[in-house]
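Down below is the structure, laid out as structure tokens.
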Amino acid sequence: MNHLRWLSSCVFVLCSVPSLATADDSTLVEWARQRVETGLLKPLAERAVSRFSRSRPPPQERRVRVTQATPSRDNHGRDFVPFSVDVRFGSGDWQRDDIVGCAYRASGNLLIKVGEAHFPAALLLGKKVDAVPGACQAAATRS
């Protein structure tokens, strides 16, 4: 009977203590989501588009998906979190991966993938920027 009481008290204690890894992962995901929304989606939504433009009309909705809950490290030792932006036009289905990129944790820089290269997100806002070599690419793990 004594073992049963000890076991049940251990289970109670373990259930009441939050997991620190889960808390860190969720805050990282929330940080990345907020960073993409404020640094990319909000400025994109504020851009005025002419009705007579030949460019694609802006989507009615955009949503951010953080595609990895833990950070990756690039060849320069900087941590980043990959993300994807899905769009929806009208009441249709969501189109996945309209914008793919990563957010760097220390600097807050947002980079987007165009072809095989990664550029600062300012490219989507009409700025002339150069590709960033080696960005958003996880360094090879050493065994």
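Coordinate-derived values only; no laboratory data. All figures in this text were calculated on a predicted structure; none of them were measured in a lab. In this analysis, Cβ positions are derived from the backbone assuming ideal geometry, glycine residues included, and neighbour counts consider all displayed protein chains.
Numerical summary
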item: Anisotropy class of the range 40-143 from Cα gyration tensor, a/c 1.5 cut; result: prolate
item: Glu37, Glu116, Glu30 arranged by Cβ crowding within 10 Å, fewest neighbours leading; result: Glu116, Glu30, Glu37
item: Whole-Hz couplings from phi, Karplus 6.51/-1.76/1.60, listed for the range 111-127; x for Gly and Pro; result: 10, 10, 8, 10, x, 9, 9, 10, 10, x, 4, 4, 4, 5, 9, x, 7
item: Tail fraction, Cα-Cα pairs, the range 46-95, threshold 15 Å, whole percent; result: 64
